[in-house]
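These notes are about the structure you will find just below.
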Amino acid sequence: MTAEPFLRAIRRFAPSPSHPPSRWVLVLYDQLRPAHPLLVDGEPADTGVVYIETTAKPARRAYHAKKLTLLLSAMRHDARARGVAGHPVRYHVSTQWYDGALEEIRAQYGIDRVEVLSPAEAEVRHPIAALPWVVVRPNALFLSDEAFYRRVFPKAGGRRLETFYRAARKATGLLMDGAEPVGGAWNYDAENRRAWKGTPPAPRVPAFAPDAITREVMDLVRTRYPASLGSVDGFAEPVTAADAARAADDFFAHRLAAFGPFEDAMDDREADLFHSRLSPAINLGLLDPLDLCRRAEAAYRAGAVPLASAEGFIRQILGWREFVRHVYEESRALYATTNALEATLPLPAWYWGEASGLRCLDRTVAQVLETGYSHHITRLMVLSNIATLLGVDPHALNHWFWVAYLDAFEWVVTPNVVGMATYADGGVLGSKPYVSSGKYIQRMGPGLCAGCRFDPAKTTGTDACPLNHLYWDFLERHRERLARNMRMSVPLAAMRKLSVEVMAEHRAEAARWKERAAGGA
Ligand SMILES: Cc1cc2nc3c(=O)[nH]c(=O)nc-3n(C[C@H](O)[C@H](O)[C@H](O)COP(=O)(O)OP(=O)(O)OC[C@H]3O[C@@H](n4cnc5c(N)ncnc54)[C@H](O)[C@@H]3O)c2cc1C
């Protein structure tokens, strides 16, 4: 069988039998940092680098075709760059899970000791760590470690972002003036809630034309994974650290200034708005999160962006990204099964592209199926909100996010979906369910509602936005469970004021939509 061009080309970096490297490092698909902590010291020729390209992971989940393209292409580019830099390279293609693939590597190449940064995904970490000949080092690609998290939260309970975030600001010195936060406040979230009505114009995120390696991967994904979600066509993600750095430069130059005020805004004409769209590159290791935070701070200190934008961006990376990972690791067993709201509806076919008639949902799903991305607020307030209101099984929703999004990996997707977005963890990560009626969607995303056949301003009648019915029905359904949650007292009090007739209509319409969601007429 003839090997693909990439696999043939990478063989020229195989170690020379007369001068084998003195150590080997396994670089995983999400550890593609140019300054990889295990590869920065010593002569490149002394340290060999191993990669595993396995069909076992896509066999477990039918990922989006663009996600497969991104992961495989980025890893192949990294392998080539290491080879060019003088490292001996073994690029191993396997059908086995990571532990099995490592055993193949040991048998095939005689490599009997490998170092690796602790894999971020537990489903990869545990089997690898069980191999006695593999040395697992702390994963320094994140900004905080477990010891820091334990110092912030020495006792059980009370995991809140704000506590973690303030400690992380102090520890890193980011946006600090001595012991005080720059500007006198830690958090400018209240300034991040403007709706976008077309101005300022939203600059497009840069597109990166596929090179020969990426085009070869696109062909491979087309033929090897025909059942994957979406299509490789139009793939334009950065797959190298250099291109990811260009994408970050573009964000800092053109979008960070408006990121803060419009962080919660939604619009389908400019779906990315002012978001960085850097999460896929950050999660693969191509970008250093600390460097991004420092650049945001420098832009503020240079007077180029408002404090609310720099702080908002830093809070997402230094705060949320680190926080959700620790919370998840601490309660992984809980997150595997928890379903605090006892939501059991199967994921509606609408999430796989069947029209629901709800314009906000259909447009957002179309964007995700096309690109493998949508920004935070559409994930939270459209996709997850609607699923939570309907009572969709949070684990089915989690599976969908995990396969569909370019940036989805176990440690980040699960706490966000099963914790923050659906409240299925019962409030470990967030302090209340993120649910809203159609009025919120219209306020923050007027463009999403424009042209919808349902009216978010109406609460009765056949053209009332179904989210309005589903919202009150949700509150009634969970009123006892949420009664002791102070943050739910205002909506619950408002629900209690609704007349018996109005509530009956909400209940009946909500039931009709739940039946539709379950596949009924
Ligand atoms: C239901 C749901 C599912 C999500 N799934 C993922 C996921 O699989 N992978 C993922 O990286 N993020 C996930 N997020 C968090 C967030 O939506 C994305 O990180 C963000 O939308 C990525 O787009 P961006 O790079 O333009 O982010 P920006 O808005 O520009 O934010 C900057 C960066 O902050 C980080 N960030 C922001 N919020 C979070 C958060 N809640 N958790 C972790 N990092 C955060 C990301 O690295 C992001 O790139 C999810 C959020 C929700 C509500």
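The values are calculated or read from the model by the stated rules, or taken from the named source; none is laboratory data. Given the structure is predicted, the values throughout are model-derived calculations rather than measurements. No Cβ is skipped: glycine too gets one built from the backbone with ideal geometry, and neighbour counts run over all protein chains shown. In case anyone asks, the SASA skips ligands and DNA or RNA and just uses the protein heavy atoms, side chains included. Shrake-Rupley method; radii C 1.70, N 1.55, O 1.52, S 1.80 Å.
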* To do: Kindly provide the set of residues from region 195-212 that are over 22 Å from the mean Cα position of the chain (by Cα), surrounded by 15 or more Cβ atoms within 10 Å (Cβ to Cβ) and closer than 15 Å to residue 235 by Cα, ordered by number.
  => 210
* Structure fact -> Filtering region 404-452 down to residues that are in a loop (DSSP other than H, G, I, E, B) and either in contact with a strand residue (DSSP E or B) (Cβ under 6 Å, 6 or more places away or on another chain) or among the aromatic types (Phe, Trp, Tyr) (or both) yields 405, 409, 423, 434
* **Residue check for residue 41: under 28 Å from residue 17 (Cα atoms), charged (D, E, K, R) and without any contact (Cβ under 8 Å) to a residue 12 or more places away in the chain** => yes
* Report, by residue number, each residue of region 154-177 that is farther than 12 Å from residue 319 by Cα and in contact (Cβ under 8 Å) with a residue 40 or more places away in the chain. => 159, 175
* **Neighbours by Cβ (under 9 Å, 6+ apart or cross-chain): first from region 278-302, within 30 Å of residue 51 (Cβ to Cβ) and modelled with pLDDT of 95 or more; second hydrophobic (A, V, I, L, M, F, W, C) and open to solvent by 60 Å² or more (accessible area, probe 1.4 Å)** => 288/35
* Filter region 58-71 for residues that are within 18 Å of the chain's Cα centre (by Cα), open to solvent by 10 Å² or more (accessible area, probe 1.4 Å) and farther than 21 Å from residue 351 by Cβ and give the result. => 71
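Tell me the residue from 347, 390 that is open to solvent by 10 Å² or more (accessible area, probe 1.4 Å) and either hydrophobic (A, V, I, L, M, F, W, C) or touching a His at 6+ places or on another chain (Cβ under 8 Å) (or both), please. Show your work before the answer.
Details: 390 fails: open to solvent by 10 Å² or more (accessible area, probe 1.4 Å).
Answer to the selection: 347.
Condition check: surrounded by fewer than 23 Cβ atoms within 10 Å (Cβ to Cβ) and at pLDDT below 95. Does residue 84 satisfy that? First the steps, then the outcome.
Details: surrounded by fewer than 23 Cβ atoms within 10 Å (Cβ to Cβ): yes; at pLDDT below 95: no.
In short, no.
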* Sole exception among (1) within 11 Å of the ligand (Cβ to nearest atom); (2) open to solvent by less than 10 Å² (accessible area, probe 1.4 Å); (3) part of a helix (DSSP H, G or I) for residue 379, by number -> (2)
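Evaluate the following for residue 137: is it over 24 Å from residue 88 (Cβ atoms) and among the charged types (D, E, K, R)? Outline the logic, then answer.
Values: over 24 Å from residue 88 (Cβ atoms): no; among the charged types (D, E, K, R): yes.
Here the answer is no, as residue 137 does not meet what is asked.
Rundown of residues vs (1) charged (D, E, K, R); (2) at pLDDT 95 or above; (3) farther than 26 Å from residue 349 by Cα, yes/no style:
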| position | (1), (2), (3) |
| --- | --- |
| 440 | no, yes, no |
| 446 | no, no, no |
| 452 | no, yes, no |
| 457 | no, yes, yes |
| 477 | yes, yes, no |
| 490 | no, yes, yes |
| 504 | no, yes, yes |
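Residues checked against (1) surrounded by fewer than 16 Cβ atoms within 10 Å (Cβ to Cβ); (2) free of Cβ contacts under 8 Å to residues at least 24 places away in the same chain; (3) closer than 25 Å to residue 316 by Cβ:
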| residue | (1), (2), (3) |
| --- | --- |
| 405 | no, no, yes |
| 416 | no, no, yes |
| 446 | no, no, yes |
| 451 | yes, no, no |
| 460 | yes, no, no |
| 463 | yes, yes, no |
| 482 | no, no, no |
* Boolean, residue 490 is without any contact (Cβ under 8 Å) to a residue 60 or more places away in the chain, buried (at least 23 other Cβ atoms within 10 Å of the Cβ) and closer than 29 Å to residue 320 by Cβ -> no
* region 395-436, subset among the acidic types (Asp, Glu) and within 10 Å of the ligand (Cβ to nearest atom), residue nearest to residue 336 (Cα to Cα) -> 410
* When both residues are 6+ apart or on different chains and their Cβ atoms are under 6 Å apart, which pairs have a first residue that lies in region 92-103 and is surrounded by fewer than 18 Cβ atoms within 10 Å (Cβ to Cβ), and a second that is part of a loop (DSSP other than H, G, I, E, B) and not basic (Lys, Arg)? -> 95/55; 99/131
* Asked: Which residues, counting only those in region 160-189, are under 27 Å from residue 381 (Cα atoms), open to solvent by 80 Å² or more (accessible area, probe 1.4 Å) and not in a loop (DSSP other than H, G, I, E, B)?
  -> 166
* Within region 271-291, can one find any residue that is under 29 Å from residue 441 (Cβ atoms), more than 15 Å from the ligand (Cβ to nearest atom) and part of a loop (DSSP other than H, G, I, E, B)? -> no
* Got at least one residue in region 293-312 being within 8 Å of the ligand (Cβ to nearest atom) and either of a type in the set (Val, Ile, Thr) or assigned to a helix (DSSP H, G or I) (or both)? -> no
* Asked: Could we say that residue 338 is in contact with a strand residue (DSSP E or B) (Cβ under 9 Å, 6 or more places away or on another chain) and open to solvent by 10 Å² or more (accessible area, probe 1.4 Å) here?
  -> no
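To keep it simple, each residue is scored yes or no on (1) open to solvent by 30 Å² or more (accessible area, probe 1.4 Å); (2) part of a loop (DSSP other than H, G, I, E, B); (3) in contact with a helix residue (DSSP H, G or I) (Cβ under 8 Å, 6 or more places away or on another chain).
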residue	(1), (2), (3)
8	yes, no, no
12	yes, no, yes
20	yes, yes, no
25	no, no, no
33	no, yes, yes
37	yes, yes, no
45	yes, no, no
49	no, no, yes
53	no, no, yes
* Look through 393, 455, 463 and report the one residue that is among the charged types (D, E, K, R) and farther than 29 Å from residue 501 by Cα. => 393
